[in-house]
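Let me begin by presenting the structure, written as structure tokens, before commenting on it.
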Amino acid sequence: MFDKLKKKFSDIFSKSDIPETDKTVASKADYKKEEPEKTIKRDELENTIEETLLEADVSFDATEQIINNLKSNLGKVKRKIDYASVESELKDVIKQIINANNSNAIDILSVEKKPFVILFLGINGTGKTTTIGKMAYYLKNHGQKVVLAAADTFRAGAIDQLNILANNVGVEIIKHDFKSDPASVAFDAIDHARARKLDYVLIDSAGRMHTNKNLLDEMKKIKRVAKPDLTILVLDAMIGQDVIDQANTFSSEISYDAVIVTKLDTDARGGSIISISAGIKKPVIFVGIGQNMEDIIPFNVDWYLNKIFSS
Ligand code: GDP
């Protein structure tokens, strides 16, 4: 996961490593004397970090923001700086960008309103249906009662796919016929959850929104009827910088509150989370890290920083 960013950062910052055997205070001082090249010119380092970020799929805007914040954090006076302090500043800058949107992220398990209704949006192929299965599994494992609403009545096979996931995970599902009104599926699922005192309703939706006005209208209708407590956009880490365009296309038509990023396990570049945080300004609440139902984890910024900076 994130091999590219990790390798680049470790290439840059490992130059400051002191050999394990030399890690005494005295030998550190000796090492510094012998290795004056452990410092680097500011411009050179900033350029290297900028290239690294862009190559790792961090968007241009996010890269600029990081470099500018880094410059102001490091101050203007020092021409040469040591790697270790830059690494620590860089971590802080990336953390600030991610936390700016994530600090008020909802904790799904501690919501009071029941049934808590969650609507999932996303383009076909992003992993939306799998993510709904994973969320059902996650909630069920935390003692919650869940019902799925098969409200993607547009794509042949979508209802069956969700049905299989519901059976595998062991949660209920409300489904109507192929091509039926998706808003009424959502409505029935919420009704069912109220009657049975279930905790969560997870609503699937059709995935080909920006190419089809009818689908878009249907999705808006689901939102009007279901009045979800949380609307989540599912984004695929593998699409790189296009992720911002895709998210903006959605937000111009239908509002959402938070993001789940899928396929991080196959994301060799690693920058998508930074681009999403800087560009979309919505919290990333969970990330998908595999194809199995247990492969979803609440997003944690320290986990992410550890992944991209560990060598
Ligand atoms: P949908 O069209 O958006 O509903 O997408 P699906 O849920 O059908 O998923 C599309 C493909 O992505 C399937 O092969 C999933 O197994 C795969 N997928 C979903 N999430 C992840 C993930 O976090 N990691 C990996 N490696 N694959 C995933």
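Quick look at the values:
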| item | result |
| --- | --- |
| Set 217, 204, 199: member being out of contact with any helix residue (DSSP H, G or I) (no Cβ under 8 Å at 6 or more places or on another chain) and not aromatic (Phe, Trp, Tyr) | 217 |
| Lone qualifier among 286, 299, 250 - being at pLDDT below 90, open to solvent by less than 30 Å² (accessible area, probe 1.4 Å) and of a type in the set (A, V, I, L, M, F, W, C) | 250 |
| Residue among 251, 310, 255, 275 that is in contact with a Ser or Thr (Cβ under 9 Å, 6 or more places away or on another chain) and closer than 27 Å to residue 181 by Cα | 255 |
| Test for residue 191: is it under 26 Å from the mean Cα position of the chain (by Cα) and more than 17 Å from residue 154 (Cβ to Cβ) | no |
| Test: residue in the range 14-24 that is within 35 Å of the chain's Cα centre (by Cα), at pLDDT 70 or above and surrounded by 16 or more Cβ atoms within 10 Å (Cβ to Cβ) | no |
| Residue that is least open to solvent (accessible area, probe 1.4 Å), among those in the range 117-162 that are over 22 Å from the mean Cα position of the chain (by Cα) and without any contact (Cβ under 8 Å) to a residue 40 or more places away in the chain | 159 |
| Count of residues meeting criterion [more than 16 Å from the ligand (Cβ to nearest atom), farther than 20 Å from residue 134 by Cβ and among the hydroxyl-bearing types (Ser, Thr, Tyr)] in the range 166-222 | 2 |
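Okay, residues lined up against (1) in contact with a Lys or Arg (Cβ under 6 Å, 6 or more places away or on another chain); (2) at pLDDT 95 or above:
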site: 150; (1), (2): yes, yes
site: 158; (1), (2): no, no
site: 166; (1), (2): no, yes
site: 173; (1), (2): no, yes
site: 178; (1), (2): no, no
site: 185; (1), (2): no, yes
site: 193; (1), (2): no, yes
site: 197; (1), (2): no, yes
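The values are calculated or read from the model by the stated rules, or taken from the named source; none is laboratory data. Everything quoted here is computed from the prediction, not taken from an experiment. Neighbour counts run over all protein chains shown; Cβ positions are idealised from the backbone, glycine included. SASA here: full protein model, heavy atoms, side chains in, ligands and nucleic acids out. Shrake-Rupley method; radii C 1.70, N 1.55, O 1.52, S 1.80 Å.
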